[in-house]
2 protein chains.
Amino acid sequence: MGAMAAALLASTAAQAQMKPEEMVETRQAGYQFMAWNMGKIKAQVIDGKEAYDQAKVAAAANTIAAIANSGMGALYSPETTTEQLGNKTRLKPEFFQNLEKAGQIGRDFSAAANQLASVAASGDQAAIKKAFGDVGGSCKSCHDNFRAER
Amino acid sequence: MGAMAAALLASTAAQAQMKPEEMVETRQAGYQFMAWNMGKIKAQVIDGKEAYDQAKVAAAANTIAAIANSGMGALYSPETTTEQLGNKTRLKPEFFQNLEKAGQIGRDFSAAANQLASVAASGDQAAIKKAFGDVGGSCKSCHDNFRAER
């Protein structure tokens, strides 16, 4: 087990007071709130369905980055997969057999979210599009690897 | 109607494509994720139940501030109260008869959250305690005024 995987498990242990269902609900809340903010950036910068408002896009990107950097790894424990919780979660047990890969995807996600926040602050819409795509790509990478179909 | 109240309603109109239930779920996700992060600061700085880790407290405070500044007013519309949605929400209809007050509480909340993020970055635990209390006070102010009992 590598350093990041060990750190992830240690972080998990520190949250032992949370019940598995609470961990699932809390991480789902984080993803749902990020999705709302991704949707705002998409509407304003990608699809052009809403007028571009730099302050709103920057606030949305800041929120995504802050949540991505909030230590969500602590909301993942081996007791919180589809194996134990059925359709309350879509987290495959495979996540915990591939902690190195999961950790790498998580770090890539944080880096992409930080980059999105950085370019959103600058207001360069071409750069925002690129960074938005990279964030979406890291979401998809985790989904493809570790999220169960519905 | 004052400028802030008008701005709140205009912002609400821009999110007209969201269904009332989606607005409720999304704002609840934001509050749940903030509560998780408030809990981490409480455990580390107020109750001392967990070792103080400046980076974690700063990340938690940053997340709370980013969510507070993310434009959650757009998730409030007059169709999303207990009157229409029963126990899916605790938002009293009175919120929309007191938009000036609601707006002021929202601005106070953002200011308190920004102050918490600022002192969390500095690592001054006494200042963090004070700012944490101010954030909690602004949460309570909204609950006392506009949240239905369960």
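What follows draws every value from the coordinates through simple rules; no lab data is involved. Because the structure is predicted, anything quoted here is derived from the model rather than measured. So basically every Cβ, Gly included, is an ideal-geometry build from the backbone, and we count neighbours across all protein chains shown.
When shorter helices are ignored and each DSSP H run of at least 4 residues is given -39500 (n - 2.57), the per-residue value for chain B at 222 nm works out to -22000 deg cm²/dmol.
Modelled spin labels at A:ALA55 and B:LYS101, positioned 7 Å past Cα toward Cβ, are 2.6 nm from each other. 3J(HN,Hα) couplings calculated from phi for region B:72-84 with the Karplus curve 6.51 cos²θ - 1.76 cosθ + 1.60 (θ = phi - 60°) are, in sequence order, 5, x, 5, 8, 10, 9, x, 8, 10, 10, 4, 4, 8 Hz; Gly and Pro show x. Note on the protein assembly as shown: Kirkwood hydrodynamic radius from all Cα pairs is 20.1 Å, rounded to one decimal.
Of the three principal axes defined by the Cα atoms of region A:34-104, the extents in descending order read 44, 23, 17 Å.
Basic side chains Lys and Arg get +1 at the Cβ, acidic Asp and Glu get -1 at the Cβ, and with that the dipole of the protein assembly as shown about its Cα centre reaches some 0 debye.
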